[in-house]
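Reading through the structure tokens given below for one structure.
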Amino acid sequence: MPRIVTKADNLNERNREFAQVPLKEPVFLNSVPKSGTHLIRNIMRMFVPVEQQYHKAFVQYAVLREHQAAFARAKPCLSWGHMLYGDASAVALRQVRHLVLVRDPYDWVLARARFFLSDTYQGSLDIIKGGNLSVEEVLNMMIFGIPDKAPALCDVFTHNAVAWLGTNARILQFEELLQHVKSLETDVAEKFFAELLDGLGMGELPGDWRERIRIGSARDQSSTARENLERPVTGVPDTLPDIQKQLVNYIAPGLRGVLGYA
């Protein structure tokens, strides 16, 4: 089984610097893998008592049966994970405040490549590391998948994001979240975060909301941020090459449009 090397953060300790209002309903932070999972999780952790944060597991479809407590209305929790759409997951989340974080598929290809090529991800994909392949070859694998090792882009987005459209889940673009994190002093950012917390049933925005978000969004608190990856690889571009953009559009026509990117 692949192993992901992560470092502990100190957000549980930082959380106690602020007055916290107990959750009244369960909240689940869902995301497409490599779409800002740590960013949304760490921000929201600063607005919920630590005792109501579900740290027992990164909740996914494969372990859903063992972690139903994460979604119990009798004992509300803030939980997070990558949840595939399906019968069991739809039933489990039917009465949960549910957010799905997505990312522009073009940038997702690059983020996925950086992650798989780093030593933060260890296991089944070690063969592609160490210069065995060109960057372009790796990018194509991120798009088309690797047999028995990594699903194709269209499958990841279909089951983790697109299939949740039209349900009670709220879809949020990573880029929109990041934009407001970078402009906390603006009225637009205040409105955005007020609506975000309200939509998740987490009450009104407290007066110290900016400091909470600065702490939660700090990149040194995320072990999967680009600069914090174990032995990060160089050479992955900041912008997806045109030919790979065409390949994304070939394998998943209409995907960027339905997610609001085109």
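What follows draws every value from the coordinates through simple rules; no lab data is involved. This is a predicted model, so every value here is computed, not measured. Positions of Cβ are generated from backbone atoms using ideal geometry, with glycine treated the same way; all protein chains shown enter the neighbour counts.
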Check your understanding: Which whole-Hz couplings ³J(HN,Hα) result when phi for each residue of the range 10-25 is put into the Karplus expression 6.51 cos²θ - 1.76 cosθ + 1.60, θ = phi - 60°, listed in order with x for Gly and Pro?
Key -> 10, 6, 4, 5, 5, 4, 6, 6, 10, 6, 10, 9, x, 5, 9, 9
Practice item. Within 10 Å of each residue's Cβ, count the other Cβ atoms and sort Val181, Val32 from fewest upward. Key: Val181, Val32
Point to revise | Under 11 Å, Cβ to Cβ, from Val50 - net charge with Lys/Arg +1 and Asp/Glu -1 | key: +1
Practice item. Take every DSSP beta bridge with both residues inside the chain and express the antiparallel ones as a percent of the total, to the nearest 5. Key: 20 percent
Practice item. Positive end of the charge dipole of the chain (Lys, Arg +1 and Asp, Glu -1 on Cβ, about the Cα centre): tell me which of Val27, Ala92, Leu117 has its Cα farthest that way. Key: Ala92
Review point. If you rank Val59, Val258 by fewest surrounding Cβ atoms within 10 Å, what's the result?
Key: Val258, Val59
Exercise for review: Report the charge-dipole magnitude of the chain in Debye, nearest 20, computed about the Cα centre from +1 at each Lys and Arg Cβ and -1 at each Asp and Glu Cβ.
Suggested key: 560 debye
Exercise for review: DSSP loop (so not H, G, I, E, B), at most 15 other Cβ within 10 Å: list which trypsin sites (Lys or Arg not before Pro) in the range 57-107 pass both filters.
Suggested key: Arg73, Arg94
Practice item. Would you grab the residues whose amide H sits under 5 Å from the one on Ile171? Only those 5+ places off in sequence or on another chain, please, with H modelled 1.01 Å from N. Key: Val100
Point to revise | Positive minus negative residues near Gln68 (Lys, Arg vs Asp, Glu; Cβ under 12 Å) | key: +3
Practice item. Please order Leu165, Leu259 by the number of other Cβ within 10 Å, starting at the fewest. Key: Leu165, Leu259
Check your understanding: Which of the lysines could a cross-linker bridge to Lys149, judged by Cα under 19 Å and excluding same-chain residues fewer than eight apart?
Key -> Lys34, Lys129
**Study point:** Rounded to 10°, Cα long-axis angle of helix 135-144 versus longest principal axis of the chain
**Key:** 60 degrees
Review point. Relative contact order for the chain: what is it in percent, counting Cα pairs under 8 Å that are at least 6 residues apart?
Key: 28 percent
Study note, to complete from the structure: GNM of the chain, Cα pairs under 10 angstrom: of Leu110, Leu205, Leu78, the biggest fluctuation goes to Leu205
**Study point:** the range 56-102, relative contact order in percent, only Cα pairs under 8 angstrom and at least six apart counted
**Key:** 39 percent
Practice item. Tell me the trypsin sites (Lys or Arg not before Pro) within the range 4-55 that lie in a loop according to DSSP and have at most 15 other beta-carbon atoms within 10 Å. Key: Lys7, Arg16, Lys24
Check your understanding: Based on the mean of other beta carbon atoms within 10 Å per residue, what is the order of 168-176, 236-244, 135-143, 112-120, most packed first?
Key -> 112-120, 135-143, 168-176, 236-244
Review point. Which FRET efficiency value, to the nearest 0.05, is calculated for Val21 and Asp126 with the Förster distance at 41 angstrom and r the Cβ-Cβ distance?
Key: 0.35
